[in-house]
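The values are calculated or read from the model by the stated rules, or taken from the named source; none is laboratory data. Owing to the predicted nature of the structure, the values given are computational and were not obtained by experimental measurement. Neighbour counts run over all protein chains shown; Cβ positions are idealised from the backbone, glycine included.
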Amino acid sequence: MSARVTIEDVERVAELANVELTPEEMPGMLRDLNAILDCVAELNELDTEGVAPLAQVSELSGVAAALRPDRAGSPLDRAAVMSQAPETDGVFFKVPKVIER
Amino acid sequence: MPSDTEPANTFVETPGTLDALRGQIASGRIRAVDLAAGYYDRIEKLNPRLNVYLSLTRERAFAQAERIDAMAARGDALPPLAGIPVGIKDVLVTKGAPSTAASKMLRDYRPPYDCTAVARLEAAGAVVLGKLNCDEFAMGSSNENSAYGPVRNPVDPERVPGGSSGGSAAAVAANMAVAALGTDTGGSIRQPASFCGVVGVLPTWGRVSRYGLIAFASSLDRIGPFASNVRDAAALLGVIAGHDPCDATSSTAPVEDYAAESDKPAAGLRIGVPAEYFGDGLDPEVGAAIEKGIEHLKAAGCAVRPVSLPNTRYAVPAYYLIATAEASANLARFDGVRYGYRSPRSATLADLYRHSRDEGFGAEVKRRILLGTYALSAGYYDAYYRKAQQVRRLLAEEFLRAFAEVDAIVTPTSPVPAFRIGEKAGDPLAMYLADIYTVTASLAGICGVNVPCGRTPAGLPVGMQVLASHFGESTAFRVARAVEAAQQ
């Protein structure tokens, strides 16, 4: 898994993440990503055959979280929420056209 | 070394204890509003140099303080944190007040709700002074990644306070708050606490509700308190801990009286010392201070023995895969649509997303989003993210095996003391590698405390990390009290 990430890889990932990188930012990001990925390559030294991934540590402590009853309640105050919208008609969030006619 | 123009520790001041301050308010010796006003005066004096606070919540603070004074005047029983001035890390939302996550992305955001941990502090009478600077979206180990400038270490303002909760640690160290809330994902409470010489608590994952925490990595994020002494930190944890219906991952484990538990002597407790935390890379001066602390524990009647945590070295790569993967998902919500920064120069929706995120996020945040996206992308998911989660289980099981033999494990919190501002900023990997002693506990979900444990010969604080098993905070506090007692 010793990765040599290329500019094309970074551009593809940037597109997936909707993060724009300027040409000036690209070489530094490429260098940093490669350095970090070289570091994570060390994980291959560990034999993890048959080891179940651990995504939720609460699995280990034996103390469950409790789900609340499935009952409708009042959501956040709409006016307060919409007051934070960059652009709104009061009901919807407004964004630039998605489909060009 | 401290700069030529400022003697060391010019800004360092120890806050009063919770009991002392609350007692003075209850007896009428001081008024909560005067206490708050005094803190705002000190903040006005020190903040231009230290950059600890990003915003102040004066109205809210004085309204609370007046309520407390009225209760005291009537002779009502005062709640446990009555009148205590606290600072809140800016990744925790405070209704109607700025909550920027130290990012341009949320510069003008005013949340429509309060973080549960903050609400619980206020219900206990605490006076919220303002929002504390931190690394952007809690990503960093030096508080140099804030969009609003670095925080400076009160012990030496040319040095970093640590991160990401640098503002929280510095606020307590400089007595710009009696206590503070911070967050810890990979060490972000413990490490700044050690750099600034204060107490910082890493609660067990799930101990404190994450409702109202602007998420970085959901399986790792914890909210926790900073204080000037262990007993107060324990008391603060008791106030914010406990199940919350608004956080389905918050635990129903009973909340102990942590402060009272911490009063119990540490004699008879079994302490594990892992050789893996005392090898290459550990600054010898830090090591010496920790060894002294371990001697104090022996003198206090603890049984100290070696334990083995052989997979420690794989924790940093595993952490940086899991944390960045989760961050890439959590930060996808910042798209310029519903809240936060929207780029003005976008003609299409796709441009809106990209430009808003490009202009709103700093370099470290972008780096981690890209790394996380890469680790999760098709063709790489098994090799990176899934592999890291498997390594995570091995690390966690290793801790559980150790805790079958010992009650607590002690280590240095950081391999080095506070470094100079700018020293590591150009080398992200070097910055990540310095997290080696803290990310292990983060991945395993266990709890811990940073307790001040001496200083280097140059006067820089050294912190000891006391780790305990899941929901074993009381044990960690008992051991930390013993280390603290030996420092007087």
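Data for the structure
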item	result
Looking only at the range B:379-404, and only at residues there that are under 30 Å from A:T22 (Cβ atoms) and more than 9 Å from every other protein chain (Cβ to nearest Cβ), the one that is surrounded by the most Cβ atoms within 10 Å (Cβ to Cβ)	B:Y381
Elements of type helices (runs of 4 or more DSSP H) contained in the range B:3-97, each with 1 or more residues being within 30 Å of A:S83 (Cβ to Cβ)	B:32-50, B:58-74
Answer residue from the range B:43-81, given it is under 23 Å from the mean Cα position of the chain (by Cα) and aliphatic (A, V, I, L, M) and is surrounded by the most Cβ atoms within 10 Å (Cβ to Cβ) among those	B:V52
Residue that is nearest to the other protein chains (Cβ to nearest Cβ) [pool: residues in the range B:422-441 that are surrounded by fewer than 20 Cβ atoms within 10 Å (Cβ to Cβ) and under 16 Å from B:N145 (Cβ atoms)]	B:L429
Condition check for B:A117: assigned to a helix (DSSP H, G or I), of a type outside the set (K, R) and surrounded by fewer than 19 Cβ atoms within 10 Å (Cβ to Cβ)	no
Residue match in the range B:331-344 (condition: within 24 Å of the chain's Cα centre (by Cα), buried (at least 19 other Cβ atoms within 10 Å of the Cβ), more than 7 Å from every other protein chain (Cβ to nearest Cβ) and under 28 Å from A:I36 (Cβ atoms))	yes
Subset of the range B:336-362 that is free of Cβ contacts under 8 Å to residues at least 12 places away in the same chain and outside any loop (DSSP other than H, G, I, E, B) - its residue that is nearest to B:A425 (Cα to Cα)	B:R354
Failed criterion for B:G336 (all others in (1) over 30 Å from B:V451 (Cα atoms); (2) out of contact with any Ser or Thr (no Cβ under 9 Å at 6 or more places or on another chain); (3) not polar (S, T, N, Q) hold)	(2)
Checking B:A177 against (1) surrounded by fewer than 24 Cβ atoms within 10 Å (Cβ to Cβ); (2) at pLDDT 95 or above, the condition it does not meet	(1)
In the range B:272-292, residue farthest from B:Y437 (Cα to Cα) [restricted to those that are assigned to a helix (DSSP H, G or I) and not hydrophobic (A, V, I, L, M, F, W, C)]	B:K292
Candidates B:G186, B:G238, B:G197 - the one that is closer than 30 Å to B:A332 by Cβ and not aliphatic (A, V, I, L, M)	B:G186
Count - residues of the range B:460-488 that are of a type in the set (F, W, Y) and in a strand (DSSP E or B)	0
B:Y320 vs. criteria closer than 30 Å to B:G445 by Cβ and either of a type outside the set (K, R) or buried (at least 19 other Cβ atoms within 10 Å of the Cβ) (or both)	yes
Flag if B:R313 is within 14 Å of chain A (Cβ to nearest Cβ) and either outside any loop (DSSP other than H, G, I, E, B) or within 25 Å of B:P457 (Cβ to Cβ) (or both)	yes
Number of the condition not met by B:F216 [criteria: (1) closer than 20 Å to B:E326 by Cβ; (2) out of contact with any Ser or Thr (no Cβ under 6 Å at 6 or more places or on another chain); (3) part of a loop (DSSP other than H, G, I, E, B)]	(2)
Test: residue in the range B:188-195 that is crowded, with 24+ Cβ neighbours inside 10 Å, more than 23 Å from B:R478 (Cβ to Cβ) and over 10 Å from the mean Cα position of the chain (by Cα)	yes
Checking B:L376 against (1) of a type outside the set (K, R); (2) within 8 Å of chain A (Cβ to nearest Cβ); (3) touching a residue at least 24 places away in the same chain (Cβ under 8 Å), the condition it does not meet	(2)
Breaking point among (1) assigned to a helix (DSSP H, G or I); (2) at pLDDT 95 or above; (3) crowded, with 21+ Cβ neighbours inside 10 Å, for B:S414	(1)
Failed item, numbered, when B:K298 is tested on (1) farther than 18 Å from B:R392 by Cβ; (2) touching a residue at least 40 places away in the same chain (Cβ under 8 Å); (3) basic (K, R)	(2)
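This table checks each residue for (1) within 14 Å of another protein chain (Cβ to nearest Cβ); (2) of a type in the set (A, V, I, L, M); (3) without any contact (Cβ under 8 Å) to a residue 60 or more places away in the chain; (4) not in a helix (DSSP H, G or I).
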site: B:G163; (1), (2), (3), (4): no, no, yes, yes
site: B:A169; (1), (2), (3), (4): no, yes, yes, no
site: B:V172; (1), (2), (3), (4): no, yes, no, no
site: B:M176; (1), (2), (3), (4): no, yes, no, yes
site: B:A193; (1), (2), (3), (4): no, yes, no, no
site: B:V201; (1), (2), (3), (4): no, yes, no, yes
site: B:G224; (1), (2), (3), (4): no, no, yes, yes
